[in-house]
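**Student:** Here it is, the structure, as C-alpha cells.
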Amino acid sequence: MKKLFLAPIICMAALSSADSLKPAAWVPLPAVGSSPETGFQYGAYVMRIFEQTSADQPQDRLELLLQGTTQGQYQAYIWPNMFLDGGLWNLKGKLGGRYWPSGYFGQGNATEEEADQYANTTLEGSITANYLITPDIRIGASLRVENHEIEDIADPDGSESSLIDANVIGANGGLYSGVGAELIYDKRDNIDWPTQGNLSKATWDLYPTSLGSDANFSLLNARSAHYFSIADDVFAFSAQLSLASEDTPFTHLPRPSGDGTLRGANGQRWIDNASVGAQAEFRKAISNRWAAVVFTDTFQVASDLDQFALSDFHYSIGGGIRFATTPDRFNVRLDVGFVDFESFNFAITVGEAF
C-alpha cells in the first residue's frame, strides 16, 4: 500500500525538441507525513518513468517504497508496470512485505473507539496481465500469494489483547493464494490528471483451498469514476462497491483506505463484508505545477447489501493541494478531511484519490 509523501525533488531527463515522445524521468520523494493509523511516517519513495518507445504505448513505470512510522510499522514494496506490443499488453506486479501493528475495532459500521492491538507480518507478491481488446477496454487475469502472521500485542494500557481469543476469522493468519479476473474501461485523456472521460474497473479475486490457500474466500470490487472539465478546472465523481464472501479473513474485508477513500479516517476503524462509497471533487489548476481541490467522501460498511442505510454513511469533507512532479501532472497531494464532523485528519500521498 502506498502511503504518505512530502517535499518532491524531481530529476527530469533532457527532452529533445525534435522528439515528440515523452522522456524518461526520476521522481524521488521523501516519504514523510502522518495519518490516524500510523502517526508520523518517514522513509523514501522513488518512481522511475521510462522513456516512451512509441506514440501509441504508455510509458513503463517502476515504483519503490521504503517506509517506517512512529507506531513501529515498517514496509517495503516494489511495483513494476510495463506495456508491451505497442500497448496491447499491460503487465503489473507487486512484491514486498510489511510488519504492521494495528488495531482491530471489531466488525461493523459502528464500532467502539478502543481496539484490540495486533501485529500483522506480511510477505506478498502478485502479477496481473491484461490485454487491450478495444481502444478503451482491457480484460485481464492475475495470480497472487500472501503469507500473514498475526500476533496479539499488549494494549496501550498494558493489558493483553484478545483478538485471537475472540475467534475472529483470519486471527491466526495463514497463506492465501489465489487467482483473479479484471475488466477495465478507460476513456480518460490522461492517467495521472484526467480532465475528461471515464474509468470503470471491476475485479473478482478467488482464494480457493485447491490452490493451496489456507482459507476459501472471494472478493468482488467495482468502481467507476467520471471526469469533465471547465477551462483548466476539473469536476470528478466516483462510486464504488466491494463484497467479500462469508469466510473472508478480517485482514481482507472491505474498508475505507483513509487516503484514497474517506480521506482522513482511520482505515481500520470500519470493516465488514460489504462496503459502498461515493466521492465528488473539484480540482482547480493554479499553475502548471500547483492545484487546489475541495472534496466530499462518503463510505459505509455492512454485513450484506440489504443492510445499507442512508443514515449510516460516514463522511469526510475537506480540501487539499497538489504539486505536479511531471509534465503530465503526476502529483504529490495533501488532503485534509473533517471526518464525521468530529475530527480533522490529513493524508499525504502520490497520485489522485481516483
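The values are calculated or read from the model by the stated rules, or taken from the named source; none is laboratory data. Bear in mind that the values here come from a model prediction, so they are computed numbers and not experimental data. Positions of Cβ are backbone-derived with ideal geometry, glycine not excepted, and every protein chain shown enters the neighbour counts.
**Student:** Can you list the strands (runs of 3 or more DSSP E) found entirely within segment 187-288 that contain at least 1 residues being free of Cβ contacts under 8 Å to residues at least 24 places away in the same chain and farther than 27 Å from Glu113 by Cα?
**Tutor:** Of the strands (runs of 3 or more DSSP E) lying wholly inside segment 187-288, those with at least 1 residues that are free of Cβ contacts under 8 Å to residues at least 24 places away in the same chain and farther than 27 Å from Glu113 by Cα span 197-207, 217-230.
**Student:** Among the listed residues Pro208, Pro249, Pro194, identify the single one that is surrounded by fewer than 15 Cβ atoms within 10 Å (Cβ to Cβ) and either modelled with pLDDT of 95 or more or within 25 Å of Trp290 (Cα to Cα) (or both).
**Tutor:** Numbers: Pro249 fails: surrounded by fewer than 15 Cβ atoms within 10 Å (Cβ to Cβ); Pro194 fails: surrounded by fewer than 15 Cβ atoms within 10 Å (Cβ to Cβ).
Pro208 is the lone residue from the list that is surrounded by fewer than 15 Cβ atoms within 10 Å (Cβ to Cβ) and either modelled with pLDDT of 95 or more or within 25 Å of Trp290 (Cα to Cα) (or both).
**Student:** While we're looking at this one, here's another question. Identify all residues within segment 93-151 that are farther than 17 Å from Pro36 by Cα, among the charged types (D, E, K, R) and touching an Asp or Glu at 6+ places or on another chain (Cβ under 8 Å); write none if there are none.
**Tutor:** The answer is Lys94, Glu124, Asp136, Arg138, Arg144, Glu146.
**Student:** Look at Ser224 and say whether it is crowded, with 16+ Cβ neighbours inside 10 Å and either at pLDDT 95 or above or farther than 26 Å from Ser102 by Cβ (or both). Break it down stepwise before answering.
**Tutor:** Working: crowded, with 16+ Cβ neighbours inside 10 Å: yes; either at pLDDT 95 or above or farther than 26 Å from Ser102 by Cβ (or both): yes.
The answer is yes for Ser224.
**Student:** Still on this structure, please answer the following. Filter segment 172-186 for residues that are in a loop (DSSP other than H, G, I, E, B) and either surrounded by fewer than 19 Cβ atoms within 10 Å (Cβ to Cβ) or touching a helix residue (DSSP H, G or I) at 6+ places or on another chain (Cβ under 7 Å) (or both) and give the result.
**Tutor:** Result: Asn172, single match.
Every residue, every condition in (1) touching a residue at least 24 places away in the same chain (Cβ under 8 Å); (2) over 23 Å from Ser177 (Cβ atoms); (3) among the aliphatic types (A, V, I, L, M), yes or no:
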residue: Leu88; (1), (2), (3): yes, yes, yes
residue: Lys92; (1), (2), (3): yes, no, no
residue: Leu95; (1), (2), (3): yes, no, yes
residue: Arg98; (1), (2), (3): yes, no, no
residue: Tyr104; (1), (2), (3): yes, yes, no
residue: Ala115; (1), (2), (3): yes, yes, yes
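**Student:** In this structure, does Pro256 turn out to be touching a Phe, Trp or Tyr at 6+ places or on another chain (Cβ under 6 Å) and either more than 30 Å from Val46 (Cα to Cα) or surrounded by 15 or more Cβ atoms within 10 Å (Cβ to Cβ) (or both)?
**Tutor:** It is true that Pro256 is touching a Phe, Trp or Tyr at 6+ places or on another chain (Cβ under 6 Å) and either more than 30 Å from Val46 (Cα to Cα) or surrounded by 15 or more Cβ atoms within 10 Å (Cβ to Cβ) (or both).
**Student:** While we're looking at this one, here's another question. Which residues, taken from segment 12-38, are touching a strand residue (DSSP E or B) at 6+ places or on another chain (Cβ under 9 Å), small (Gly, Ala, Ser), modelled with pLDDT of 80 or more and over 30 Å from Ala115 (Cα atoms)?
**Tutor:** Across segment 12-38, the qualifying residues are Ala24, Ala25.
**Student:** Does Asp297 qualify as being part of a loop (DSSP other than H, G, I, E, B) and in contact with a Lys or Arg (Cβ under 8 Å, 6 or more places away or on another chain)?
**Tutor:** no
**Student:** Only residues that are surrounded by 16 or more Cβ atoms within 10 Å (Cβ to Cβ) and touching a Phe, Trp or Tyr at 6+ places or on another chain (Cβ under 8 Å): list them for segment 104-116, please.
**Tutor:** Tyr104, Phe105, Gln107, Asn109, Thr111, Ala115, Asp116
**Student:** Which is within 18 Å of Phe346 (Cα to Cα) and of a type in the set (A, V, I, L, M, F, W, C), of Phe50, Phe40?
**Tutor:** On the way: Phe50 fails: within 18 Å of Phe346 (Cα to Cα).
The unique qualifying residue is Phe40.
**Student:** Considering only segment 292-336, state which residues are surrounded by 19 or more Cβ atoms within 10 Å (Cβ to Cβ), under 17 Å from Ile271 (Cα atoms) and either among the charged types (D, E, K, R) or more than 20 Å from the chain's Cα centre (by Cα) (or both).
**Tutor:** Asp297, Ala302 - these are the residues of segment 292-336 that are surrounded by 19 or more Cβ atoms within 10 Å (Cβ to Cβ), under 17 Å from Ile271 (Cα atoms) and either among the charged types (D, E, K, R) or more than 20 Å from the chain's Cα centre (by Cα) (or both).
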